[in-house]
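Structure first, commentary second.
The values are calculated or read from the model by the stated rules, or taken from the named source; none is laboratory data. If you're wondering where the values come from, they're calculated on a predicted model, not measured in any experiment. Positions of Cβ are generated from backbone atoms using ideal geometry, with glycine treated the same way; all protein chains shown enter the neighbour counts.
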Amino acid sequence: MRRPLGIVPLAIASLTLALFGSAAFAQDVTEPALKAAFIYNFARFTTWPADVPAGDSFTICVLNDSAVADALRKAVIGKSLTERPIAVTVVAAAAPKRTCRVLYMAGLQASQVATVVADLREVPVLTISSIDGFASAGGMTQFFFEHGQLRFRIDLETAKRAGLQISSRLLIMARPQ
Amino acid sequence: MNRKLVLVLVCAVMLPRAAAAQSLTDLSLEDLMQIDAGQVFGASERLQPSIEAPASVSFITAQEIQRYGYRTLADILRSVRGMYVTNDRNFSYIGARGFGKPGDYNSRILLLINGHRVNDNLFGQAEIGAEFGLDPATFERVEVIRGPASSLYGDSAFFAVVNVITRSGESLNGTAATVEAGTLGTGLFRASTGRRLSNGADYMFSTTFEHSDGVKKLYFPAFDSPETNHGIAERLDGEGVKQFYGRATFKGLAVTTMYGTRERDIPTASLQTMFNEQVWHEQATDRHGLVDALYTRSFRDTRLTLRGSYDRFTFSGTYPMAVEPDGTPTLVGDATGTGARWSASSGVTQPLPGRQTLRAGVEFIDNLAQNQRGGFIGNPIPPLFDIKTSSTQQALYLQDEMKVTRWLILNGGLRFDRYEQFDRVTPRAAFIVMPSSAQSFKYLFGNAFRAPNGWELNDFYFGDRVHQLRPESIDTHEVVWERYFNDRLRTATSAYWYRADRLITPTLDDSTFLGATFVNQGEVRAKGFETEAQLRLGGESRALVSYAIQSAVDQQTGEELPNSPRHVVKGRISVPGPTARSFVSFEAQYLSARGTVPRFDADGNFAAGRVKGAAIANVTVVQPLGHTWELTGTVRNLFGTIYADPVSDQHVQESVEQNGRTARIGVTWKFSQAE
């Protein structure tokens, strides 16, 4: 009788080759893990005004998305920005957010977004969200998906008003408004 | 058996180890933007992570289509866990979850282009070979959503939904031309252009011409006698394809157009036609046209969609039954079908308090024409039949997802369909537990229906009884476990129980023209288990292995369904080649033995045969030459496996042998637009 699984050894052999024949990073990821990696990169390519109180850590705040908060915590282990270790803090909608360097928010209604963003107007906090219409509500960085890949828009004017400088390396990757 | 066990163990030990290296944060933004985060649209008519979707979903991306040299939607579906495709040298048929009845025209799979139904309104057919009408080079992504989805889409969403998302100009960003040549007298030419303009408008156009002579001499043992050329059909396997695709988007409006034709000679002498007839070939032509306009607009939290579409499908076939030696057609059948429909739909997606997302929609379909005509060429008598019908359908649906807690998602859907002959209500429910964002356990309950199609309702062929036909239905239970390990390895495992009732089944009836009719009486129970592991490795290497075991039993006979392999095993891997942007991709697929459709043998016994199990391997190489040129080469059925697919009882042969080793090479010139 024909051996039905004759193809399996071949597949395994080629798999082994692939595993040890190339540098191993992977590309199939969950949405929170991917967003966390983007958020980290946004922070890397942003410069905060010199007069922002330094504090003990570089704080990334997350509002209403515990999955992204968890993914961020994992992602930034052992990493630092502005020569300070990165801390990930979950914040409530009503809590003050002016100590955050970065604020990511999700799952809010348009009116809630407007309130949070209005409170941070001209405050050097990099705001990020995938909520529809985030930029028009006064947010800085808008995530969206296209063909399964994550894309983003940056409202440069809003960022400038807040005193944030965004690197051209980030801007060329951003989708035009 | 030991060998298998060892392999499984090696796999189990190796995969997590491979996944223990670099983290996502070490990747550049450029690399991050290439990553696929598994977002599915077609499971809920809105974008959501597939791990949260109320279905088990697979994707095939444009990159994979190119790297594996997929030339048809059939090639793409063959690569997906648990699915299999059979071919009778006319159409390709999808097998899913153990159901793969030869000759059922894929009317139990819903095929969408950018979310719009393209099963025709005559046979309900999802055409997946070259007859689909769109070149896979114009696909951005294909979503395969397993399980019934009639609660969202109505008719045909019985075993699975296949959503083809087409390419945008931004994705092509330039102008490209491709020429390919291959064995079996194959030639292809494709020209495409597209870009995104600075004002946000985006356009893409593409056209493809393809021709294949096919196998010059095909041997069919069932016809091996001196009167029928010793079973050899000569030069009767050719196929010609013309395809056009256009898409333009601006602000919230997206317009997709397509037109595709396929002409094919049919070498099998199906439908009791003459074998190896050289003047009047048995021949079929399928044409698909589509204009689809979708407008999307957000008002604060609410997203509104409006859609209007026009679909046209025509079919014509020639069937030689008696031809004089000088070529005069004594009895050459001539059949045509025309299906045309307008459809309009509107939907709204609305977040509600309590972390709910509501999707509601309405749909109107005006089937302008569902016409079938049959007669004989060169014969002055009126056609045998000339059925002209039209009909309308309306539907309403509602779907709600509730994120009850951080780890629990409830999902429910209900759709009401109104046809002229009947109404249907279809529910769906999902209970999804997510211990973390990287793992989910799903329990899915589904229900679906398939309305009788125009072929089954042809009262000239099958008598007036067919007007009593009602939709067939299916109830399904499925449990799914999906898990991401360290963002590098994804596994998905699923077990399911399907019960299909009132299946529209042919039965003998002497009072009808064809001596048969259709009744709602088939009942099938199926169960199965599927598992897959997907690895995305460094240097853009990717690998996927999958296994499915399944059993589908006809409750009347107690027999396994025909064309239902017990085991389906697949593996594929794509690794970088010697230079930048070059890739070598290898895939292998195994189907275990399958039963054929039972028929009367020479001794008058009604019995089914079997085709043996077979493993097929394909390899594709993509090699760029500088920045503007690219070479591709594909060898299909690399080891020249000899195997056959079971075919419908409209054939004398119980199975039809498939192609041996074939190869094609191509060269693409691409000019990219400057930013």
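Quick notes on this structure:
- For residue B:346, the conditions (1) of a type outside the set (A, V, I, L, M); (2) touching a Leu at 6+ places or on another chain (Cβ under 7 Å); (3) farther than 30 Å from residue B:401 by Cα all hold with the exception of (3).
- Only a single criterion out of (1) within 21 Å of residue B:364 (Cα to Cα); (2) under 15 Å from the mean Cα position of the chain (by Cα); (3) in a loop (DSSP other than H, G, I, E, B) is not satisfied by residue B:163, namely (3).
- Pick from the range B:435-450, criterion of a type in the set (A, V, I, L, M, F, W, C) and at pLDDT 95 or above, ranking: farthest from residue B:123 (Cα to Cα): B:441
- Criterion (under 24 Å from residue B:286 (Cα atoms) and surrounded by 15 or more Cβ atoms within 10 Å (Cβ to Cβ)) met by exactly one of B:374, B:347: B:374
- Residue in the range B:352-359 that is touching a residue at least 40 places away in the same chain (Cβ under 8 Å), away from chain A (no Cβ under 14 Å) and small (Gly, Ala, Ser) present: no
- Wholly enclosed strands (runs of 3 or more DSSP E) of the range B:582-644 bearing at least 3 residues touching a helix residue (DSSP H, G or I) at 6+ places or on another chain (Cβ under 6 Å): B:583-591
- Extreme residue, surrounded by the most Cβ atoms within 10 Å (Cβ to Cβ), among residues of the range B:154-183 that are hydrophobic (A, V, I, L, M, F, W, C) and within 20 Å of residue B:630 (Cα to Cα): B:172
- Residues that are surrounded by 16 or more Cβ atoms within 10 Å (Cβ to Cβ) and small (Gly, Ala, Ser) were ranked within the range B:184-227; the one that is modelled with the lowest pLDDT is B:222.
- Condition met for residue B:588 (in contact (Cβ under 8 Å) with a residue 40 or more places away in the chain, farther than 26 Å from residue A:30 by Cβ and within 14 Å of another protein chain (Cβ to nearest Cβ)): no
- Take the conditions (1) at pLDDT 95 or above; (2) surrounded by fewer than 24 Cβ atoms within 10 Å (Cβ to Cβ); (3) of a type outside the set (A, V, I, L, M, F, W, C); residue B:82 misses just one of them, which is (2).
- The range B:608-640 - residue that is within 22 Å of residue B:188 (Cβ to Cβ) and charged (D, E, K, R) and, of those, farthest from the chain's Cα centre (by Cα): B:630
- Residue that is surrounded by the fewest Cβ atoms within 10 Å (Cβ to Cβ), among those in the range B:295-308 that are hydrophobic (A, V, I, L, M, F, W, C) and within 14 Å of another protein chain (Cβ to nearest Cβ): B:299
- Subset of the range A:45-73 [among the β-branched types (Val, Ile, Thr), modelled with pLDDT of 90 or more and part of a loop (DSSP other than H, G, I, E, B)]: none
- The range B:215-234, subset β-branched (Val, Ile, Thr) and outside any loop (DSSP other than H, G, I, E, B), residue nearest to the other protein chains (Cβ to nearest Cβ): B:232
- Here residue B:293 fulfils each of the conditions (1) under 22 Å from residue B:200 (Cα atoms); (2) in contact with an Asp or Glu (Cβ under 9 Å, 6 or more places away or on another chain) apart from (2).
- Among the residues of the range B:244-255, those identified as surrounded by fewer than 22 Cβ atoms within 10 Å (Cβ to Cβ), within 23 Å of the chain's Cα centre (by Cα) and of a type outside the set (Phe, Trp, Tyr) are B:246, B:255.
- From the list B:237, B:292, B:311, B:334, the lone residue that is outside any strand (DSSP E or B) and either crowded, with 20+ Cβ neighbours inside 10 Å or modelled with pLDDT under 95 (or both) is B:237.
- You will find that of B:620, B:632, B:662, the residue that is within 14 Å of chain A (Cβ to nearest Cβ), closer than 23 Å to residue B:573 by Cβ, surrounded by 16 or more Cβ atoms within 10 Å (Cβ to Cβ) and among the β-branched types (Val, Ile, Thr) is B:620 and no other.
- Residue match in the range B:573-580 (condition: at pLDDT 95 or above, more than 8 Å from chain A (Cβ to nearest Cβ) and under 24 Å from residue B:57 (Cα atoms)): no
- If you check B:364, B:422, B:376, B:385 for being out of contact with any strand residue (DSSP E or B) (no Cβ under 7 Å at 6 or more places or on another chain), more than 14 Å from chain A (Cβ to nearest Cβ) and in contact (Cβ under 8 Å) with a residue 24 or more places away in the chain, only one passes: B:422.
Here's the yes/no breakdown for (1) within 14 Å of chain B (Cβ to nearest Cβ); (2) surrounded by fewer than 21 Cβ atoms within 10 Å (Cβ to Cβ); (3) within 26 Å of residue B:170 (Cβ to Cβ); (4) among the polar types (S, T, N, Q):
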site	(1), (2), (3), (4)
A:81	yes, yes, no, no
A:99	no, yes, no, yes
A:112	yes, yes, no, yes
A:116	no, no, no, no
A:136	yes, yes, yes, yes
A:160	no, yes, no, no
A:165	no, yes, no, yes
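- Residues that are charged (D, E, K, R) and within 14 Å of chain A (Cβ to nearest Cβ), drawn from the range B:511-538: B:532, B:536
- Which numbered condition residue A:143 fails, given (1) free of Cβ contacts under 8 Å to residues at least 60 places away in the same chain; (2) in contact with a helix residue (DSSP H, G or I) (Cβ under 8 Å, 6 or more places away or on another chain): (1)
- In the range B:313-360, residue nearest to residue A:132 (Cα to Cα) [restricted to those that are among the charged types (D, E, K, R) and out of contact with any Phe, Trp or Tyr (no Cβ under 9 Å at 6 or more places or on another chain)]: B:355
- Candidates B:278, B:272, B:283 - the one that is surrounded by fewer than 21 Cβ atoms within 10 Å (Cβ to Cβ) and under 27 Å from residue B:133 (Cα atoms): B:283
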